[in-house]
Structure formats: C-alpha cells, structure tokens
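Here's the structure, in structure tokens; my notes come after.
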C-alpha cells in the first residue's frame, strides 16, 4: 500500500473530475462497496485499499424539500430558493444534492411528492469558486 502522505488528494481529484463532467466514488477492493463522496478509506469496512471509480450519473430522487433562507453558503445565494433532495445513485449510495427542474414552491414540491420516486441525472453547476453536483429530474 502506498504511504498515506504520498497519496494524491481524493478531494482534489473529485472536484477536478466534477469540473470535467465526471462524478467519482471510492470503490473498496476489500468489500466491493462504494463510498460517496470519495474518501481515502472505505466507509463500510475501513480498508485503505480503495480506488476511484466513475459513476453513471443516473439516480432516483427519493425526497425533496426547499432550501433554508438565506442560503447555507454565499455561493448558493444567487440560486436561492432552490430544491434540495436525497437521491439514490444507480450504483447504490444515497446522496444529498440540489435538484434542478422543479421550482421551490409548495405546489411544485407537492406535485413532485405525488409522483413518487423520480428518475434524475447528474449535472454540474458551475459556481464561482468550485463545481457543485446537482441532479435534474425527468419531466
């Protein structure tokens, strides 16, 4: 195993890949499970024997709500109010992300809730300081 001090930054690799349009996770060589966002060790078994793996970008929106006001970080002020949700990636992990394609109104959120689980696709939002993962729901 490579000395931990010599390992490349998992966080840097994640954001560089996201900027290029690819979503990464860590795949454990010991237990075979994925960690998202990627980490230096497996969140399931603790093994350091992990490698980054690109994900499909396909997901299912399980739950959605509106953001708090004001936005939780200045980078999101320009897009507030927005919808935030829990999505199950096709590969298994559940993530929290901004949801595109629905307005943050009670009526639109109710219609979305009434539809039940909704297919979604990863999209990269180009913020001023870094790329942000979001998901667009299918209409």
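Read the figures in this text as sums done on the coordinates, not as results from a lab. Computed from a prediction, not measured in an experiment: that's the story for all the values here. Cβ sites come from the backbone with ideal geometry, for glycine too, and all protein chains shown count toward neighbours.
Take the conditions in contact with a helix residue (DSSP H, G or I) (Cβ under 7 Å, 6 or more places away or on another chain) and either exposed (fewer than 13 other Cβ atoms within 10 Å of the Cβ) or in a loop (DSSP other than H, G, I, E, B) (or both) and apply them to residue 128. Does it pass? Here the answer is yes, as residue 128 does meet what is asked. If the condition is being in a loop (DSSP other than H, G, I, E, B) and without any contact (Cβ under 8 Å) to a residue 12 or more places away in the chain, then segment 11-29 contributes only 20. Being in contact with a strand residue (DSSP E or B) (Cβ under 7 Å, 6 or more places away or on another chain), assigned to a loop (DSSP other than H, G, I, E, B) and exposed (fewer than 14 other Cβ atoms within 10 Å of the Cβ) holds for only one residue in 32, 92, and it is 92. Within segment 108-122, not a single residue is surrounded by fewer than 12 Cβ atoms within 10 Å (Cβ to Cβ), part of a strand (DSSP E or B) and under 11 Å from the mean Cα position of the chain (by Cα).
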